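Right, one structure below, let's go through it.
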Amino acid sequence: MIKLEQIHKSFGTLHVLKGIDLTIERGKTAVIIGPSGSGKTTLLRCLNLLEVPDTGTITLGSETIEFSADKQLKTSAVAGFRQQTGMVFQNYNLFPHLTAIQNVMEGQLTVKGIAKAEARKYAAAQLEKVGLADKADMYPHQLSGGQQQRVGIARAMAMDPDVLLFDEPTSALDPELVGEVLKVMKNLANEGMTMVIVTHEMQFARDAADLVIFMDEGAVIEAGTPEEVFDRTKNARTLQFLNKVQ
Ligand code: ADP
């Protein structure tokens with residue numbers, strides 16, 4: 001489903017991703033952990049081309065893109081990647097002047113050109129799924145952070161992506177609101193959604209991940225089941241990180 005081969009990305013002289021190789025199978029939940037600045041968010045953003053890798057190859061479903069400095073990206077390939085992925089951002093990124101349901105409808109109307117009545121029906125179903133059917137007509141400022149983030153998840157799902165990408169979805173939330181968002185994410189995982197999640201929530205990674213990916217200094221240090229990475233690792237860098245955060 002998702003395959004990265006030798007992905008490199010620099011910002012100016014800063015070499016952020018140093019040859020990432022990774023495979024994530026359909027229906028699995030992959031959780032990326034690692035110290036701040038290790039390149040986790042950049043890697044995630046490469047999957048929907050919010051960042052464009054310098055070199056390497058990414059396969060997403062039936063679409064493969066080979067990156068190189070002298071090669072122009074094909075518009076159709078970019079559109080293919082965008083269509084297959086939905087992104088949930090740390091700071092929700094909701095439109096403040098639109099209600100919850102209008103936020104969820106927006107992509108269907110503007111990107112997919114779906115008729116308003118149909119878009120509204122589908123958006124309502126997504127809000128129901130994240131437990132916010134009764135908040136459909138509220139504006140973001142009338143919602144708690146946890147509720148806003150659940151609208152963010154409903155909005156991503158409304159586009160019917162093959163893969164949901166989460167960039168530290170709970171790190172802007174007050175501690176008491178984290179649980180409701182993680183619960184929605186766990187439900188999606190149980191339904192077989194393919195998800196790639198950057199998070200500092202180690203307990204969530206233990207409970208929900210099929211694959212835990214530990215990154216440090218722009219490289220994947222190890223990838224395995226939660227048991228392999230959390231309980232049985234012998235890797236010194238992984239152990240050092242886990243000792244600090246657990
Ligand atoms: P993480 O998610 O693991 O904290 P990031 O991927 O956000 O790491 O960042 C990795 C490094 O790349 C950091 O040093 C960060 O400052 C740098 N970086 C990220 N995005 C940009 C950007 N758009 N321009 C310049 N440097 C960036």
Scattering profile of region 52-140 at q = 0.25 Å⁻¹ [log10 I(q)/I(0), Debye over alpha-carbon scatterers] | -1.23
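Evaluate E = 1/(1 + (r/R0)^6) for Thr225 and Val52, where r is the Cβ-Cβ distance and R0 equals 22 Å; express this FRET efficiency to the nearest 0.05. Could you put the intermediate results ahead of the total?
On the way: r = 31 Å, r/R0 = 1.43.
Once the sixth-power term is evaluated, E becomes 0.10.
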So, in Å, what gap is there between the alpha-carbon centers of region 1-67 and region 135-149?
-> 32 Å
So the carbon and sulfur contribution to the accessible area of region 112-195, 1.4 Å probe, in percent, is 48 percent
More than 19 Å apart - percent of Cα-Cα pairs taken over region 1-117 | 54 percent
Stretched out fully, how many nm does the piece from His141 to Asn243 gain, at 0.36 nm a residue minus the Cα gap?
-> 32.9 nm
Kirkwood Rh, region 114-246, all Cα pairs: how many Å?
-> 16.4 Å
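What FRET efficiency would be calculated for the residue pair Glu217, Glu128, taking the C-beta separation as r and a Förster radius of 30 Å, to the nearest 0.05? Walk me through the numbers on the way to the answer.
Numbers: r = 43 Å, r/R0 = 1.43.
Calculated value: 0.10.
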Potential extension, Asn93-Thr13 segment - 0.36 nm per residue separation minus Cα distance = 25.9 nm
Interchain or long-range residues, amide H under 5 Å from Thr225's placed H = Val212
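So what is Rg over Rh here for the chain, counting just Cα atoms and using Kirkwood for Rh? Please list the in-between numbers first.
Values: Rg = 18.1 Å, Rh = 18.6 Å.
That ratio equals 0.97.
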Given springs between every Cα pair under 10 Å in a Gaussian network model of the chain, which of Leu60, Leu43, Leu73 has the largest fluctuation?
-> Leu73
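For an R0 of 51 angstrom, estimate the FRET efficiency from the Cβ-Cβ distance between Thr59 and Lys183 and round to the nearest 0.05. Display every interim value, and only then the final one.
Values: r = 32 Å, r/R0 = 0.62.
Approximately 0.95, to the nearest 0.05.
The values are calculated or read from the model by the stated rules, or taken from the named source; none is laboratory data. Keep in mind that this is a model prediction, so the values were computed, not measured. Using ideal geometry, Cβ is built from the backbone for each residue, glycine included, and neighbour counts are taken over all protein chains shown. Surface areas here come from the heavy atoms of the whole protein model, side chains and all, with no ligands, DNA or RNA. Shrake-Rupley method; radii C 1.70, N 1.55, O 1.52, S 1.80 Å.
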